[in-house]
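Report on the structure given below.
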Amino acid sequence: MDNLKMHSPNKVDENVAAIGKLFPNCLTEAKNEDGKVVTAIDFDMLRQELSSVIVEGNEERYQFTWPDKKKSILLANAPIAETLRPCREESVDFDNTENLYIEGDNLDVLKLLQETYLGKIKMIYIDPPYNTGHDFVYEDDFAESTEKYLTNSGQFDEEGNRLVQNTESNGRFHTDWLNMLYPRLKLAKGLLKEDGAIFISIDDNEINNLLRLCNEVFGEHNLVAIFPWQSRLSMQNDTDISSNNEYVIAYAKNRRQENRRLKETNVNTWFDEPSFACLPLPLNPDNYDNPDNDPRGPWKADPFDAPNIRPNLTYPIVNPKTGEEHWPPKGRHWRTEEKNYKKWLEEGRIVFGKSGDGRPQLKVFYNEKKLFGSIDTTWWTGEKCGTTTMGTKEQMQLFDGFAPFDTPKPVKLIKQIISLVSRTGSDDIVLDFFSGSATTAQAVMEKNIEDNSNRRFVLVQLDEATSDTSQAYQNGYYSITQIGKERIRRAGKKIKEENPLTTADLDTGFRVLKLDSSNMKDVYYNPAEYTPTMFDTLADNIKEDRTPEDLLFQVMLDLGVLLSSKIEESMIAGKKVFNVADGFLIACFDANVTDEVITEIAKKKPYYFVMRDNSMASDSVATNFEQIFATYSPDTVRKVL
């Protein structure tokens, strides 16, 4: 029997828990004044999260650290002055597709997506460098602008890519890999929905460090599972032990929810199980019966208690027939909170044995259970999830007999992961920011056909050069992005040819966006540097080589409008006008905009209207601008570039 606390709640504990939810990496273990080890806040780390400069600290504590860790946090939080430019000529079905293929450094791209895709991504899958001693890692800038850093450090390769080979002899073997991945994971977390999850492929080299990284970024309690994946079936003959498996680790954005499943279903998730659903597998109907003729169909009685002790799930339950009070068995708790128990009792989902004289049990209905599917296991065989050999064969089928990548992930593996998270019929967004050969895109398209869904993919890949001795190079593919885009084109075409009756509405297109410097000019001069001849060039703050569509996509990024949104162009009084997401955003970047143009746009009542700062035809138009909107659409948010 527990003693009453006899004191008010400890607000410090509540505050520590609140900070830990926002910044899991700031939670640590330290001794209090009584010498007892307690959960504490790493104030040096917290100050770093809230600082735009590096914070020094010397306090010793249990923690996972490495050289430049604080700098990598600073790097994740630092702003950038870049944008994404559309590339119609390399896209497929640009005007109608909702898929994205983004070329550029994934760290910068993840920063640009923070506003637009914050909390919108259902699933992230990445296959980062495994740090085998031969992999290339991103050489990130901890102090200077990207351009200045790369110029000074000489870290361009022959194609201008910011990659360096991470060898065991460089003295920073693990450090460079950790500094590369840590800020990217921190940014990725913010993009996930509250019920979203991230899956990461890795092998033995860095799995321990990867788990520690993810424990800091996502919280140790959000670890879903470590899946050993049988990546090869054949035996290696050049070693004592044949390494036939890799790993996929899975973390949820928020595992501490009433429904701890990763995937929603089409029924109310009224029961709480410490597991998650996968592909629907057959259930044995013989285990279900309907002795009380429940209109919901056959059911079976499951125990109402669960392992471990949680105070909020420990309360008395009174048998309504006998009046007997029941508590969870020793070392266990009830399956849900008391308010949910009362709701389920009213709904007739609670029984007290066959005679009504026993302990509480939960009615589990066959028709609802089968929609969740059976519980998956953590052992993923090659038969179940494919192998790298299968991934190679899939590439050869698409690329006329040759495989551009050596050890690609099979489509079957990514489809298995999608099945764990995304329910049938969904329009979830799947992100892969180490997209490589674009297996994820093909998996999303195939999975959409299989379960009649409309999932969308966002792929990010650095424009990394292929080796001049590779098969890809010999076949005319000089960069990884060339391979990725071509694979999506060919896979989409193949899927439609093989499924002509069910692919009429399948989205096999993609918008190509490329990371570039801001569309705005750098016009920072000292007063003494200004000359009369400069005034004309400074009158326009937009770079000369940028198109109206370039400006539109930067505006969409700044205003948080999905980059896959429908874009319609029209002419109003001779001026090009963009209508994005059915009137949510209207923009006009032409010069000499008249009252007539402004009036017609205001009548459409957009949520946002954007134009260039100096594009009004006259002072009279500028004077009338606010009055026109006040008359026709006073709630429109007006902005200028």
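The values are calculated or read from the model by the stated rules, or taken from the named source; none is laboratory data. Just so you know, these numbers come straight off a predicted model, no measurement behind them. As a convention, Cβ positions derive from the backbone with ideal geometry for all residues, glycine included, and neighbour counts pool all protein chains shown.
Residue count for the range 298-321 satisfying the condition of being assigned to a loop (DSSP other than H, G, I, E, B) and within 12 Å of residue 360 (Cα to Cα): 5. Per the conditions (1) under 20 Å from residue 487 (Cα atoms); (2) over 13 Å from the mean Cα position of the chain (by Cα), the sole criterion not satisfied by residue 126 is (2).
Quick check on the range 191-204. Is at least one of its residues over 24 Å from residue 114 (Cβ atoms), assigned by TED's automatic domain parsing to the domain that holds residue 433, out of contact with any Asp or Glu (no Cβ under 8 Å at 6 or more places or on another chain) and not in a helix (DSSP H, G or I)? Within the range 191-204 (the criterion being over 24 Å from residue 114 (Cβ atoms), assigned by TED's automatic domain parsing to the domain that holds residue 433, out of contact with any Asp or Glu (no Cβ under 8 Å at 6 or more places or on another chain) and not in a helix (DSSP H, G or I)), the answer is yes, since at least one residue qualifies. Is it true that some residue in the range 541-550 is farther than 29 Å from residue 458 by Cβ and either modelled with pLDDT under 95 or not charged (D, E, K, R) (or both)? There is at least one residue in the range 541-550 that is farther than 29 Å from residue 458 by Cβ and either modelled with pLDDT under 95 or not charged (D, E, K, R) (or both).
Condition test on residue 17, is it more than 30 Å from residue 490 (Cβ to Cβ), in the same structural domain as residue 212 (by TED's automatic domain parsing) and within 25 Å of the chain's Cα centre (by Cα)? So residue 17 does not fit the description; no. I'm checking my understanding of the structure. Among residues of the range 507-524 that are modelled with pLDDT of 95 or more and hydrophobic (A, V, I, L, M, F, W, C), which one is surrounded by the most Cβ atoms within 10 Å (Cβ to Cβ)? Filtering first and then ranking leaves 510. Annotation: of all residues in the range 487-502 being assigned to a loop (DSSP other than H, G, I, E, B) and in contact with a helix residue (DSSP H, G or I) (Cβ under 9 Å, 6 or more places away or on another chain), the one that is nearest to residue 452 (Cα to Cα) is 502. Candidates 448, 475: the one that is assigned by TED's automatic domain parsing to the domain that holds residue 199, crowded, with 17+ Cβ neighbours inside 10 Å, out of contact with any helix residue (DSSP H, G or I) (no Cβ under 6 Å at 6 or more places or on another chain) and farther than 20 Å from residue 103 by Cα is 448.
Flag set for residue 505, criterion: under 21 Å from residue 443 (Cβ atoms) and part of a loop (DSSP other than H, G, I, E, B).
When each of 199, 94 is tested for being at pLDDT 95 or above and surrounded by 20 or more Cβ atoms within 10 Å (Cβ to Cβ), the lone residue that passes is 199. Just checking, does the range 457-465 include any residue being in contact with a Leu (Cβ under 7 Å, 6 or more places away or on another chain), at pLDDT below 95 and either not aliphatic (A, V, I, L, M) or not assigned by TED's automatic domain parsing to the domain that holds residue 198 (or both)? Taking every residue of the range 457-465 in turn, at least one turns out to be in contact with a Leu (Cβ under 7 Å, 6 or more places away or on another chain), at pLDDT below 95 and either not aliphatic (A, V, I, L, M) or not assigned by TED's automatic domain parsing to the domain that holds residue 198 (or both).
Here's the yes/no breakdown for (1) farther than 26 Å from residue 493 by Cα; (2) at pLDDT below 90; (3) not assigned by TED's automatic domain parsing to the domain that holds residue 471:
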position: 334; (1), (2), (3): yes, no, yes
position: 346; (1), (2), (3): yes, no, yes
position: 357; (1), (2), (3): yes, no, yes
position: 381; (1), (2), (3): yes, no, no
position: 388; (1), (2), (3): no, no, no
position: 410; (1), (2), (3): no, no, no
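Annotation: of all residues in the range 415-434 being part of a loop (DSSP other than H, G, I, E, B) and touching a residue at least 60 places away in the same chain (Cβ under 8 Å), the one that is nearest to residue 188 (Cα to Cα) is 433. Residue 466 meets the conditions (1) out of contact with any Gly (no Cβ under 9 Å at 6 or more places or on another chain); (2) over 29 Å from residue 249 (Cβ atoms) in every case but one. The failed one is (2).
Could you please find all residues in the range 45-64 being of a type outside the set (Gly, Ala, Ser), surrounded by 12 or more Cβ atoms within 10 Å (Cβ to Cβ) and modelled with pLDDT under 85?
54, 55, 61, 63 - these are the residues of the range 45-64 that are of a type outside the set (Gly, Ala, Ser), surrounded by 12 or more Cβ atoms within 10 Å (Cβ to Cβ) and modelled with pLDDT under 85.
Within the range 330-345, one or more residues are under 27 Å from residue 376 (Cα atoms), in a loop (DSSP other than H, G, I, E, B), out of contact with any helix residue (DSSP H, G or I) (no Cβ under 6 Å at 6 or more places or on another chain) and of a type in the set (Lys, Arg).
Residues checked against (1) of a type in the set (A, V, I, L, M, F, W, C); (2) under 18 Å from residue 200 (Cα atoms); (3) in contact with a His (Cβ under 7 Å, 6 or more places away or on another chain); (4) crowded, with 20+ Cβ neighbours inside 10 Å:
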| site | (1), (2), (3), (4) |
| --- | --- |
| 340 | no, no, no, no |
| 343 | no, no, no, no |
| 357 | no, no, no, no |
| 379 | yes, yes, no, no |
| 383 | no, no, no, no |
| 387 | no, yes, no, yes |
| 414 | yes, yes, no, yes |
| 417 | yes, yes, no, yes |
| 427 | no, no, no, no |
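Candidates are the residues of the range 443-486 that are part of a strand (DSSP E or B) and of a type in the set (A, V, I, L, M, F, W, C); the one that is nearest to residue 105 (Cα to Cα) is 460.
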